[in-house]
1. I'm trying to understand the selection: among the residues of the range 163-209, which are among the acidic types (Asp, Glu) and within 14 Å of ligand 3 (Cβ to nearest atom)?
2. Looking at Ala77, Ala114 in this structure, which one is small (Gly, Ala, Ser), modelled with pLDDT of 90 or more, surrounded by 16 or more Cβ atoms within 10 Å (Cβ to Cβ) and near ligand 2 (Cβ under 10 Å from one of its atoms)?
3. What pairs can you find where one residue is in the range 145-167 and farther than 22 Å from Ser187 by Cα, the other is within 10 Å of ligand 3 (Cβ to nearest atom), and their Cβ atoms are less than 9 Å apart, with a gap of 6+ or different chains?
4. Of the conditions (1) outside any helix (DSSP H, G or I); (2) surrounded by 15 or more Cβ atoms within 10 Å (Cβ to Cβ); (3) within 16 Å of ligand 1 (Cβ to nearest atom), Cys142 fails just one. Which one is it?
5. Run down Asp152, Asp130, Asp148, Asp117 and say which single residue is near ligand 3 (Cβ under 7 Å from one of its atoms) and charged (D, E, K, R).
6. Can you name every residue in the range 211-229 that is surrounded by fewer than 18 Cβ atoms within 10 Å (Cβ to Cβ) and assigned to a strand (DSSP E or B)?
7. Run down Arg273, Arg202 and say which single residue is part of a strand (DSSP E or B), surrounded by fewer than 19 Cβ atoms within 10 Å (Cβ to Cβ) and over 25 Å from the mean Cα position of the chain (by Cα).
8. In the range 120-139, what residues are small (Gly, Ala, Ser) and either assigned to a loop (DSSP other than H, G, I, E, B) or under 18 Å from His182 (Cβ atoms) (or both)?
Amino acid sequence: MKQGCNLWFGLLPALLAVPLTAAGSPEARLIDCAACHGRISSEWRVSSHAAAYTSPLFLHELEKSADSPRSACSCHAPDFFVNGGIGSAPGRRADSPESGVDCLACHLDAEMVAWSDGQEWMVPHRVCADKRYSQAVFCGSCHTWAKDAAADCLDCHMPGGKGPVTDHPGFDRPADATHRAHRMPGSSDPEFAAGAASLEVRQAGGQLKISLTNLVPVHAFPQIRHRRAQLAVVEQPGGRVLWQETVRLAADSTAGYAVELPGGGVPLAVELRLYPLAELLPDSSLLLAREAVENR
Ligand code: HEC
Ligand code: HEC
Ligand code: HEC
Ligand code: HEC
């Protein structure tokens, strides 16, 4: 559905606005949004959205799928899709694929007008409003499973960050203002990822009862299939693995496990680890949770 943008200043924008660039030109991706949105830009630069076309995981998948249509996967270097395209997969763009999912892809339409969930104004460039920016359907354009989710993705993935939306000295904004953070934390942030699941362990007779709950009400843990989550019972000290299991929990669900305890009173620990690049770097993991077990 194409949306209108009811700017009351009608024809004035063309005269007043800072032109964001000539539509469709390769220079389009060189526009410096950072000149005025410095904070948001530095957050985006270290996000997986910025690395969507250059990350080792994507390059690996690209190589594997060279003969299939997936090799043209448009979500990693998307063309303009706002104003009409929200909720369906974007087309693939030809210029500068290495800038990944960038500011232009998510905010500009083919006429170089910036869209957001805010108000329609001139600030100094044109801004049009679309409520779907703060809804799951926007994320669902690419994260297709999210299209119909009744969830506030932004609440967890784009929380309010310190500092105003615009930080160019020419615009006098209150220093205590906040902006939607663009770092998009996921499994690359151990502290964030640890919030996804809670681990409970108790000893009952000769058994260890382990229960793992996915605290995220709207998506699986781990969300992406390329990542692996693993529960393990290990000896302390030394870390010899006595039992392990790969886990994948549906949204808002709990899984239970019973493990026979070894005799001899060896102290143990139950560990939950996430292997973010399970196929590429099988030994590289993040420790999300650990519970010590006395085993007496
Ligand atoms: C010359 C400075 C300048 C440049 C360059 C600039 N912006 Fe802006 N932009 C602003 C100002 C000022 C606002 C209004 C927000 C505020 O009051 O601080 C704004 C608002 C926005 C909004 C709406 C925020 C809201 O209120 O919801 C979006 C989206 C946006 N800009 C995106 C971009 C993108 C994408 C680029 C690069 C293609 C860009 N801007 C380049 C100054 C700039
Ligand atoms: C235009 C397509 C597109 C849109 C729209 C989009 N994403 Fe993404 N997102 C991607 C791609 C591509 C990646 C990189 C995945 C990879 O290769 O690891 C990604 C990565 C992420 C990651 C980190 C995953 C990781 O592998 O570290 C999170 C979290 C995320 N997106 C959340 C969101 C949320 C929340 C929204 C809505 C506000 C959103 N995305 C909108 C395409 C998109
Ligand atoms: C209650 C907070 C919460 C909400 C709401 C939420 N997420 Fe997440 N999300 C997380 C956590 C924590 C992780 C990291 C653990 C994992 O990978 O499962 C994550 C992981 C992800 C990842 C994979 C990141 C990676 O690095 O592998 C993507 C993509 C993502 N979320 C997108 C979304 C989208 C889109 C929505 C809205 C439909 C959403 N999330 C709603 C907390 C949340
Ligand atoms: C994956 C899509 C995506 C990418 C990439 C992205 N944004 Fe956003 N941006 C959003 C969403 C979603 C919001 C929150 C809803 C809203 O305020 O419109 C937002 C909000 C904003 C806002 C308003 C912030 C506020 O607090 O009101 C500005 C300004 C902005 N983005 C600029 C940028 C700039 C500059 C870049 C590149 C450095 C960028 N965005 C990259 C999706 C994206």
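The values are calculated or read from the model by the stated rules, or taken from the named source; none is laboratory data. Worth saying up front: this structure is predicted, and the values here are computed from it rather than measured. Cβ sites come from the backbone with ideal geometry, for glycine too, and all protein chains shown count toward neighbours.
1. Hits for the range 163-209 are Asp189, Glu191.
2. Just one listed residue meets the conditions, Ala77.
3. Final answer for the pair search is Asp148/Ala136; Asp148/Val137; Asp148/Gly140; Ala150/Ala136; Ala150/Val218.
4. Here Cys142 clears every test but (3).
5. Details: Asp130 fails: near ligand 3 (Cβ under 7 Å from one of its atoms); Asp148 fails: near ligand 3 (Cβ under 7 Å from one of its atoms); Asp117 fails: near ligand 3 (Cβ under 7 Å from one of its atoms).
It is Asp152.
6. Ser211, Thr213, listed by residue number.
7. Values: Arg273 fails: over 25 Å from the mean Cα position of the chain (by Cα).
Exactly one of Arg273, Arg202 is part of a strand (DSSP E or B), surrounded by fewer than 19 Cβ atoms within 10 Å (Cβ to Cβ) and over 25 Å from the mean Cα position of the chain (by Cα), namely Arg202.
8. Of everything in the range 120-139, those that are small (Gly, Ala, Ser) and either assigned to a loop (DSSP other than H, G, I, E, B) or under 18 Å from His182 (Cβ atoms) (or both) turn out to be Ser134, Ala136.
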